[in-house]
Amino acid sequence: WYETLYDSCGLRQAVALVRMMSGLFSRAELIGWRAENTNPCFRLKMDTPKPRSRCASWAEIDALCDAADAIGAASMRTAIKISLFQGQRAGDVRRAQADDFSQVTVPLENGGQETVWVWSLMRTKRGTQGMMRLHPEVAPLVAAIKQNMDDGQQYLLIDEATGTPYTEDRFSKRFASVRTAAARNMPSVSSLNFRDFRRTFAMFARAAGINKDDAADVLGNSAATNWQLGETYMPPQFETASRAVMAIRRPEQTKRKKA
């Protein structure tokens, strides 16, 4: 079965499906539907896919966001920018609660204060808590949603086609439709997956001079500490994560000299 999948679907899909089947067989053993140690998916000596390294360019990001607006999927544009500029996984973006985003007052280095938008989340994969400032390209989008959302709206992102929160399947299909639309003008986006935006964040942050520890505070790969955010007191993790987020800048356009 693995070899058939390998030939017809490729290595990554073959490994993914066999691992899912292995999980089902392990569950069957646990509840007594199979004898112990009879999982046929164990020890198959499958090839290991090479780590994915695809990152998006600024032009590709803009093409996707423009396509999302063009096909009436503005929420997907917001999802792309949240993942890209805040460095979070698709699942955490899709499940983000509207109440997770709020405005707080933070101290400035010169002694003043500033009111900013922040995102507080519990990452579902690792169970780590995170809190960070919203990037300037994300904050206005979140503020507009918060201002115009319906009473009782729980999730930040609502699918325009159904008027309901995204399911995992619908989220994937909506991004695929945006990617297809964008590929008409920029074919290179066809090779982008949503999870590539998180990797792109890390690349942009490192290019901006952010060290790995600060980027890890955004990505949630470092040990988490529980904290409470006061209006003026910022724990170190918030400061480092926000520094990494705010360091990302679009490259400046070079002006041509007039003849």
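The values are calculated or read from the model by the stated rules, or taken from the named source; none is laboratory data. A quick note: this is a predicted structure, and the numbers were derived from the prediction, not measured. Cβ: placed from backbone, ideal geometry, glycine included. Neighbour counts: every protein chain shown. Calculation scope for accessible area: heavy atoms of the full protein, side chains included, ligands and nucleic acids excluded. Shrake-Rupley method; radii C 1.70, N 1.55, O 1.52, S 1.80 Å.
So here's what we get for this one:
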{"item": "Rounded if a/c under 1.5, otherwise prolate or oblate - the range 1-73, Cα gyration tensor axes", "result": "prolate"}
{"item": "Whole-Hz couplings from phi, Karplus 6.51/-1.76/1.60, listed for the range 54-70; x for Gly and Pro", "result": "5, 10, 8, 8, 4, 5, 5, 4, 5, 5, 5, 5, 5, 5, 4, 5, 5"}
{"item": "Distant-in-sequence amide H partners of Asp159 (H built 1.01 Å from N, under 5 Å)", "result": "Thr164, Tyr166"}
{"item": "Of (i) 35, 25, 20; (ii) 44, 20, 15; (iii) 28, 21, 17, the label for semi-axes √(5λ) of the Cα gyration tensor in Å derived from the coordinates", "result": "(i)"}
{"item": "Estimated 222 nm signal from helices in the chain, with DSSP H stretches of n ≥ 4 weighted -39500 (n - 2.57), rounded to 500", "result": "-14000 deg cm²/dmol"}
{"item": "Cα-based reach from Lys45 at 13 Å (exclusive), listing aspartates and glutamates while leaving out same-chain residues under 8 positions away", "result": "Glu3"}
{"item": "³J(HN,Hα), Karplus 6.51/-1.76/1.60, whole Hz, each residue of the range 122-128, x for Gly, Pro", "result": "10, 5, 6, 6, 9, x, 9"}
{"item": "Per-residue SASA entry for Thr240, accessible area with 1.4 Å probe, Å² rounded to 10", "result": "20 Å²"}
{"item": "Listed residue (Cys55, Leu17, Tyr2) projecting farthest to the positive dipole end of the range 1-58, Cβ model", "result": "Cys55"}
{"item": "Gained length - Gln253 relative to Leu11, 0.36 nm times residue gap less alpha-carbon distance", "result": "83.1 nm"}
{"item": "Rounded to the nearest 10 Å², the accessible area of Asp100 at probe 1.4 Å", "result": "50 Å²"}
{"item": "Segment Met21-Met122, length gained on full extension (0.36 nm per residue, minus Cα span)", "result": "33.5 nm"}
{"item": "Integer Hz, Karplus 6.51/-1.76/1.60 couplings in order for the range 212-220, x for Gly and Pro", "result": "5, 5, 5, 5, 5, 5, 6, 6, x"}
{"item": "Residue (of Leu108, Val178, Ala241) at the positive-pole extreme of the chain, dipole from beta-carbon charges", "result": "Val178"}
{"item": "At q = 0.09, 0.14, 0.18, 0.22 Å⁻¹, base-10 log of I(q)/I(0) for the range 91-222 (Debye sum, equal scatterers on each alpha carbon)", "result": "-0.34, -0.82, -1.29, -1.52"}
{"item": "Heavy-atom SASA rank of Arg184, Arg54 (probe 1.4 Å, accessible area, largest first)", "result": "Arg184, Arg54"}
{"item": "Rounded accessible area of Ile158 (nearest 10 Å², 1.4 Å probe)", "result": "40 Å²"}
{"item": "Total charge dipole magnitude, the range 136-187, about the Cα centre, Cβ charges on Lys, Arg, Asp, Glu only, Debye to nearest 20", "result": "300 debye"}
{"item": "Electrostatic dipole magnitude of the chain [Cβ: Lys, Arg +1; Asp, Glu -1; Cα centre; debye, to 20]", "result": "1060 debye"}
